[in-house]
1. Say each of Phe79 and Arg61 gets a label point 7 Å from the Cα, pointing the same way as Cα to Cβ; how far apart are those two points in nm?
2. Counting every Cα pair in segment 1-40, what percent are over 12 Å apart?
3. Relative contact order of the chain: what whole-number percent is it, with Cα pairs under 8 angstrom and at least 6 residues apart?
4. Which of the listed residues, Ala11, Val45, Asn62, is farthest toward the dipole's positive end in the chain, when Lys, Arg count +1 and Asp, Glu count -1 at the beta-carbon?
5. Going by alpha carbons, how many degrees (0 to 90, nearest 10) lie between the helix axis of 3-14 and the longest principal axis of the chain?
6. Once you sort the root eigenvalues of the Cα gyration tensor of segment 41-91 as a ≥ b ≥ c, which label holds: rounded (a/c under 1.5), prolate (a/b larger than b/c) or oblate (the other case)?
7. To test your reading of the geometry: what angle, between 0 and 90 degrees and rounded to tens, separates the Cα axis of helix 18-37 from the longest principal axis of the chain?
8. Based on the Kirkwood radius over alpha-carbon pairs, what value in µm²/s does the Stokes-Einstein equation return for the translational diffusion coefficient of the chain at 37 °C and 0.692 mPa s?
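Values quoted throughout were computed directly from the atomic coordinates according to the rules given, and no laboratory measurement underlies them. As the structure is a computational prediction, the values presented were derived from the model and not from experiment. Positions of Cβ are backbone-derived with ideal geometry, glycine not excepted, and every protein chain shown enters the neighbour counts.
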Amino acid sequence: MNKNDLISVVAGKTGLSKADSASAVDSVLDAITDALTGGDDVRLVGFGTFSVTNRRATQGRNPRTGERIQIPASKQPKFKAGKSLKDSVNK
């Protein structure tokens, strides 16, 4: 399912127009992004938790040349599924 498919499903389930559904989906995604950017976690009970983890700097290798390269530290978004979501998927 891609974003357009999600918008269509939201429109069908809520009775909103596709334009309103697109706005709603975009607003939810923007709110999650803003919270993670600000250092907050987003907990959706029964669905899961979005958070940010710090990845430390590491050494890697360029696969073409075999040359060692430094991979810088970075922040990575992370999602942990909630119990209800896990149970639904495993039915």
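1. With each label placed 7 Å out from Cα toward Cβ, I get 3.4 nm.
2. 58 percent
3. For the chain, the relative contact order is 21 percent.
4. Of Ala11, Val45, Asn62, it is Asn62.
5. Taking Cα atoms only, the helix is inclined about 30 degrees.
6. oblate
7. 40 degrees
8. Reported coefficient: 202 µm²/s.
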